[in-house]
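Read the structure below first, then the notes.
The values are calculated or read from the model by the stated rules, or taken from the named source; none is laboratory data. These numbers come from a predicted model, not from an experiment. Here Cβ is always computed from backbone atoms with ideal geometry, including for glycine, and neighbour counts include all displayed protein chains. What goes into the accessible areas is simple: the full protein's heavy atoms, side chains included, and nothing from ligands, DNA or RNA. Shrake-Rupley method; radii C 1.70, N 1.55, O 1.52, S 1.80 Å.
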Amino acid sequence: MSDATMGPRALIGLLGDWRSGGAAYEDLAARIRLLIIDGRIAVGTRLPAERELAARLGLSRTTIAAAYARLRESEHLESLRGSGSVTRLPAAHITPLHPTGADSIDFTKAALPALPWLGESARAAAERLPAYLGDPGYDPIGLPELREAIAARYAARGLPTDPDEILVTIGAQHAISLLSRTLVGRGDRALVESPTYPHAYEALRGAGARLVAVPVGGESGASLRAADTGDGPAIAEAIRHVSPSVAYLLPDFHNPTGRSLTDRDRELVVDAASAQGTVLIADETTAELDIDLPFRTRPLAAHGPAVMIGSVGKTVWGGIRLGWIRADRGLIRRLLAQRTPNDLGTPILEQLLVAELLPRMDDILELRRTQLGERRAHLERALAERFPQWQVPHVHGGLALWVHLGSPVSSQLALAARTHDLLITAGPRFGIDGAFERNLRIPLGYGEDVTERALDALEAAWGSMGAAPLVDADVLSAVV
Ligand SMILES: Cc1ncc(COP(=O)(O)O)c(C=O)c1O
């Protein structure tokens, strides 16, 4: 549980346009509930006192008290003597897989189903397990054969790598938080793209970083050619301006926008980081999910110093908790020292499985390319039919479409979708400052049936908002 206190200004910044035509206390409670559910307000945060919030919002204290009472009823808030009103999640929310019931669809994750031959490969891996059973089994760095296979995969992508430069982790998320804890000191600046993958900025913030955001994705990778630059100049400029300790980047099929940096972009970024002494962290979790990128790129570290994160979570399956870090030997040693107090190593069985699969990565990616290409075609067609007013980018890979809704209603839509059994993450979750109310991330990885059902729910939710007066978020922020 965090022990953060949120002032009225910060809360109002996150609320955006919270009125959706109902009673003010109901609408306010609903919006705060969404912010808690999708993580924009951390569990354990103390909300502003009723009187203060009422004054800032120009509402009566009774309205705020009624909204907080609603949140207490739904178990999203508890009043602790001497600590004010502190956010929490109801026990029912913590059920692992199907939070709102068997029929609900979870579009909060952008991922693909498991490889069809995963079971068969897992059996082959299990047959090799007896050879390891005489050892203690704790493995903080990774099995030699797996580190070799990972290094070989980098070499095939144009980045010669020694197995000693690889540390195997429990997924990419583990890699991000391990790197954050190792590289970031309290108060250090960390540059992140905005929007970006939210659990990365949470990990950096958790390690004590002060986040600095650089806006990206204005132009999607779709419109770029190999010779162009996209977000590279903006990222490089921000690095020069801010001199952050670290910069966390998604160079390929960026989550959520889908854009990729060209090789020229990468050179600019690496040059700026080298000049400022910034450690670049390139998260390649989605890097190999190419459908038809019109230009070729090389990994960031092929252009200059950069720490790379990889994972099989998106190519093989999210249930295989295995990722890795590619870094120089000195940093690998520091990471090992930092790791042990937190976890004692990566499971051997999972490592054997991935060692089986990595040599077949080209086949795996071919299958994913076909799946994602079909799903992209279906989703683009369906969105154009159902929501002609939305702008839908044409992405060349990755796992999501970052749709532009035309008005700042993403939180409202995500909230309404819940009443139609669709869980979907509102756009602002991907920013660090409440922006992106005009965007919604729609995952690409689900099959046609599920996607159609999700779009039915989204259409119903969108329809239910039709009568609501829409106050532009920019106007709102100007008056509060
Ligand atoms: C950009 C990015 N990095 C890391 C992760 C986490 O990956 P893993 O499942 O390997 O921990 C995700 C998962 O959604 C992601 O999108």
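Entry note, the stretch 108-190: relative contact order of 20 percent, from Cα contacts under 8 Å with a spacing of 6+ residues.
Of the solvent-accessible surface of the stretch 347-426, computed with a 1.4 Å probe over protein heavy atoms with every protein chain present, carbon and sulfur atoms account for 51 percent.
Backbone geometry of the stretch 407-419 corresponds, through the Karplus equation with coefficients 6.51, -1.76 and 1.60 at θ = phi - 60°, to 3J(HN,Hα) couplings of 9, x, 10, 4, 5, 4, 5, 4, 5, 5, 4, 4, 6 Hz, x marking Gly and Pro. Rounded to whole numbers, the Karplus 3J(HN,Hα) couplings from phi for the stretch 206-211 are x, 7, x, 6, 9, 7 Hz, using 6.51 cos²θ - 1.76 cosθ + 1.60 with θ = phi - 60°, and x at Gly and Pro. Of all DSSP bridge pairs formed entirely within the stretch 125-362, close to 35 percent run antiparallel. The figure for Ser104 is an accessible area of roughly 20 square angstrom, using a 1.4 Å probe on the protein chains alone.
Computed over the Cα atoms of the stretch 125-362, pair by distinct pair, the Kirkwood hydrodynamic radius stands at 18.1 angstrom. Annotation: peptides 124-134, 413-423, ranked by per-residue average of other Cβ atoms within 10 Å with the highest first, follow the order 413-423, 124-134.
Other residues within the sphere of radius under 9 Å centred on the Cβ of Glu78, judged by their own Cβ, net out at +1 (K and R +1, D and E -1).
Among beta bridges identified by DSSP and lying wholly in the chain, the antiparallel ones come to about 50 percent.
For Arg19, the accessible area of its heavy atoms, probed at 1.4 Å with every protein chain present, is near 110 square angstrom.
If you take all other residues with their beta carbon under 10 Å from the beta carbon of Ile291, and give Lys and Arg +1 and Asp and Glu -1, the sum is +1. As a rough guide to protection, the peptides 243-251, 156-164 ranked by mean Cβ packing within 10 Å, highest first, stand as 243-251, 156-164. Taking each residue as 0.36 nm, the span from Ala460 to Thr340 lengthens on full extension beyond its C-alpha to C-alpha distance by 38.3 nm.
Given axes a ≥ b ≥ c from the Cα gyration tensor, I'd like to know whether the stretch 8-93 is rounded (a/c under 1.5), prolate (a/b larger than b/c) or oblate. Because its axes are fairly even, with a/c under 1.5, the stretch 8-93 counts as rounded.
Cα centroids of the stretch 353-426 and the stretch 148-164: 30 Å apart. The alpha carbon centroids of the stretch 179-220 and the stretch 44-58 are separated by 28 Å. Using θ = phi - 60° in the Karplus curve 6.51 cos²θ - 1.76 cosθ + 1.60, the 3J(HN,Hα) couplings for the stretch 375-388 round to 5, 4, 4, 5, 5, 4, 5, 5, 5, 5, 6, 8, 10, x Hz; x is entered for Gly and Pro.
The residues of the stretch 123-266 expose on average 39 square angstrom of accessible surface per residue, using a 1.4 Å probe on protein heavy atoms.
Annotation: per residue accessible area for the stretch 8-93 equals 44 Å², rounded to a whole number [probe 1.4 Å, protein chains only]. A simple packing score, the average count of other Cβ atoms within 10 Å per residue, orders the peptides 136-148, 352-364, 257-269 as 257-269, 352-364, 136-148, with the highest score first. As a length-normalised measure over Cα pairs under 8 Å and 6 or more apart, the relative contact order of the chain settles at 19 percent. Rolling a 1.4 Å probe over the protein heavy atoms leaves Trp317 with an accessible area of roughly 110 Å². Among the protein heavy atoms of the stretch 8-93, carbon and sulfur supply 49% of the accessible surface, probe 1.4 Å, non-protein parts ignored.
Relative contact order of the stretch 8-93, taken over Cα pairs closer than 8 Å and 6 or more residues apart, is 31 percent. For Ala247, nonlocal amide neighbours, meaning residues 5 or more places apart or on other chains whose placed amide H falls under 5 Å from its own, are Leu191, Val279, Leu280, Ile281.
Spin-label model, Arg329/Arg298: points 7 Å from Cα along the beta carbon direction are separated by 2.3 nm. Assuming a ≥ b ≥ c are the square roots of the Cα gyration tensor eigenvalues, decide whether the chain counts as rounded (a/c under 1.5), prolate (otherwise, with a/b larger than b/c) or oblate. Here the chain falls in the prolate category. Taking amide hydrogens as placed 1.01 Å from N in the peptide plane, the amide H of Thr5 sits under 5 Å from those of Arg46, each at least 5 positions away in sequence or on another chain.
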